[in-house]
Amino acid sequence: MSDVLRFGLVGCGRVAPRHAESLLSLPGAQLVAVADVRETRAQRFSAQYQAAAHTDYRALLARQDVDVVSICTPSGLHAQMAIEAMQAGKHVIVEKPIALSLDDADRMI
């Protein structure tokens, strides 16, 4: 088993740099891929952090080299993206709030 946790980050907006910098400060953490619906933002973020860029988060979830997904999208997208990430076998970190309804939070759990 590898001692490296390989991260994918979904949503390259305002909070994303904090997540990227935090995970890169951890021993054994590596940012391997990012996704954002805005291609220019995904490309800029990927260049800054030397990670592959995607415009569809599902392509990031399909990657075998992503162990953990950090979700930094608008709150209304958290539940669906987190559930899909977990169904893809990924660990998930979600920006707060984790969901907009108790039902969505329960489905995530």
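For the stretch 37-65, a residue qualifies if it is touching a Cys at 6+ places or on another chain (Cβ under 7 Å) and either under 19 Å from A85 (Cβ atoms) or open to solvent by 90 Å² or more (accessible area, probe 1.4 Å) (or both), and the qualifying residues are A42, F45.
Filtering L24, L5 for residues that are more than 12 Å from the chain's Cα centre (by Cα) and exposed (fewer than 14 other Cβ atoms within 10 Å of the Cβ) leaves a single hit, L24.
Filtering the stretch 34-48 for residues that are in contact (Cβ under 8 Å) with a residue 60 or more places away in the chain and either in contact with a Ser or Thr (Cβ under 8 Å, 6 or more places away or on another chain) or in a loop (DSSP other than H, G, I, E, B) (or both) leaves an empty set. Within the stretch 78-104, if we keep just the residues that are of a type in the set (D, E, K, R) and either open to solvent by 60 Å² or more (accessible area, probe 1.4 Å) or in contact (Cβ under 8 Å) with a residue 60 or more places away in the chain (or both), the residue that is nearest to L60 (Cα to Cα) turns out to be K90.
The values are calculated or read from the model by the stated rules, or taken from the named source; none is laboratory data. None of the values given here were measured: they were computed from a predicted structure. In this analysis, Cβ positions are derived from the backbone assuming ideal geometry, glycine residues included, and neighbour counts consider all displayed protein chains. Please note that ligands, DNA and RNA were not included when accessible areas were found on the heavy atoms of the full protein model with its side chains. Shrake-Rupley method; radii C 1.70, N 1.55, O 1.52, S 1.80 Å.
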